[in-house]
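The values are calculated or read from the model by the stated rules, or taken from the named source; none is laboratory data. Everything numeric in this text was worked out from a predicted model, so none of it was measured. Cβ atoms come from the backbone with ideal geometry, glycine included; neighbour counts cover every protein chain shown. In case anyone asks, the SASA skips ligands and DNA or RNA and just uses the protein heavy atoms, side chains included. Shrake-Rupley method; radii C 1.70, N 1.55, O 1.52, S 1.80 Å.
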Amino acid sequence: MKALVPMLAAACSIAFAAPDVSGRYAAVAPIELASNEGLQRLELPLPVVQASRSPHLADVRVIDAQGREVPIAWAHEPARGTQQRSVQVPRFEWPRSIPADPVNASSLKVQVTAAGAVVRIDGATPKTAPVAAGSSVWLLDLSTLKNDDERPTRITLDWPRHNAGLSTQVRIESSSDARSWSAVTRAQLLELPGNDSNAPALRHVDWPTQQSTPRYLRLVFDTPLALTRSEVTLTRSGAQMELISTAMQFTSVNGERDEPVQWSLDLIGRVDLRRLMIQLPEPNTVLSLRLEQRNDAAQAWVPVRSFTAWRLVREGREAQSSPVEIDAAPARYWRIVGDKHTPGPVAASLAATVEWRAPQLVLVARGGPGMRLVVGRDKDNGSAVALPVLMPGYESGAEFRLPAARLGPLATRPVVEPGWRERLSEASPDDRKRWALWLVLAVAVAGLGALAWRLAHDVNKAPPP
């Protein structure tokens, strides 16, 4: 009985060892790494999406040259539009004894930190200098705003209200060392007379579009101002969503006589369509249409949106409707349904151009050359991890700045059916525990049977003479 324990342990270790699983997928494609960077981004073309047999591409795996599975994570959808935030930046009053011109810049002493942030501006102020309410020159410290993904779009200022009103110009200059200054822009600041704090006022300056973010700004006013606020509005543009354009054909569906005309499209995989352009077969045609989708032939159609497709000759020139924007989940089956009240020719097919977003994943470039992507397996639960787990310190859009690996042509192949070892190695922890308990029980029953047989043999044995 004791000899069975190490045998059982060896059997479990062999059964639960991780084998090369790439042979159990119906398609494989080589991966060409972009560099020796540890994390790289990979875009999946349409054939990979069509070869997948699991929802949400759960059967996509990346295997290294040694047959080991590589950690992967799915890239998030790029943020649409722009994002803005406002940041208070430090401001310093320019010493009155030093004019705001390049000739006297050498006498200015600016104390900064190692990162370049201004700590203090030290300049000798003559005792005979007149005392004014505020200052005509201010220095703004933008050294902490150095972010390649953001750029300033507006500078907002504030000061104690002037009941008599205010109209002044401000000249903005930039510098990288607080010594050499270059002009950036000019702007007008206004404040209407009165003591109403909610009265309209112009207290901001729009930043030039093509101007980069400097380290320091110098604001030169025609009228001295005691600034109480210096705020910079930063804008971050969302990662540009790259769409792939593909020509497709919607084929006519013969329905009942009273049903409207229909055209259907089977993409063979769940594709994330974002735009649809219909090319009508004849000029001077206007059709009111409805786009629908579903993922299974047994499911009901789900409406996506209604739109009008037209192709008209106007003023001697032919024009057609613009592409239709689509905001829906990825789907395999798409259908266009015409309005039965809209007259128009019924074509056997509708030519269309679809624009779709290719899924992208982040992979760990491990094992050197010979990495490959496999796809095409039923009932695969997937192995992708969350993106912040794979990318420590993750920020939105960081995955799209990774080096882009390239995927070679996808080749189909016969699927190798897994044996008992592979089935055990891919079982869930609960299944493994349950099977191990059954194995232990079977061994125990076998041991008890052997003991009972031996005992029965000894009982039936003839007594010695």
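Filtered by the rule that a residue be in a strand (DSSP E or B), aliphatic (A, V, I, L, M) and either farther than 15 Å from Ala352 by Cβ or open to solvent by 80 Å² or more (accessible area, probe 1.4 Å) (or both), segment 262-311 gives Ile268, Val286, Val302.
The listed residues are Thr246, Thr251, and the only one of them that is farther than 20 Å from Ala300 by Cα, touching a Ser or Thr at 6+ places or on another chain (Cβ under 8 Å), in contact (Cβ under 8 Å) with a residue 60 or more places away in the chain and among the hydroxyl-bearing types (Ser, Thr, Tyr) turns out to be Thr246. Among residues that are at pLDDT below 85 and either open to solvent by less than 80 Å² (accessible area, probe 1.4 Å) or basic (Lys, Arg) (or both), Ala239 is included. Take the residues in segment 381-400 that are open to solvent by less than 30 Å² (accessible area, probe 1.4 Å) and in contact (Cβ under 8 Å) with a residue 24 or more places away in the chain; name whichever of them is nearest to Glu150 (Cα to Cα). So the residue we want is Gly397.
Considering only segment 209-239, state which residues are assigned to a loop (DSSP other than H, G, I, E, B), in contact (Cβ under 8 Å) with a residue 24 or more places away in the chain and either farther than 16 Å from Gln84 by Cα or in contact with a Cys (Cβ under 6 Å, 6 or more places away or on another chain) (or both). Across segment 209-239, the qualifying residues are Gln211, Ser212, Pro214, Arg215, Ala226, Leu227, Thr228.
Conditions tested, residue by residue: (1) part of a loop (DSSP other than H, G, I, E, B); (2) of a type in the set (A, V, I, L, M); (3) exposed (fewer than 12 other Cβ atoms within 10 Å of the Cβ).
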{"site": "Val313", "(1), (2), (3)": "no, yes, yes"}
{"site": "Ser322", "(1), (2), (3)": "yes, no, yes"}
{"site": "Arg335", "(1), (2), (3)": "no, no, no"}
{"site": "Lys340", "(1), (2), (3)": "yes, no, yes"}
{"site": "Glu355", "(1), (2), (3)": "no, no, no"}
{"site": "Gly370", "(1), (2), (3)": "yes, no, no"}
{"site": "Lys379", "(1), (2), (3)": "yes, no, yes"}
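When segment 154-173 is limited to residues that are open to solvent by 30 Å² or more (accessible area, probe 1.4 Å) and part of a strand (DSSP E or B), the one that is nearest to Ser212 (Cα to Cα) turns out to be Arg154. Across segment 389-416, the number of residues qualifying as modelled with pLDDT under 75 and either over 23 Å from Gln50 (Cβ atoms) or touching a His at 6+ places or on another chain (Cβ under 6 Å) (or both) comes to 0.
Filtered by the rule that a residue be closer than 19 Å to Ala26 by Cα and open to solvent by less than 80 Å² (accessible area, probe 1.4 Å), segment 401-412 gives Leu407, Gly408, Leu410, Ala411.
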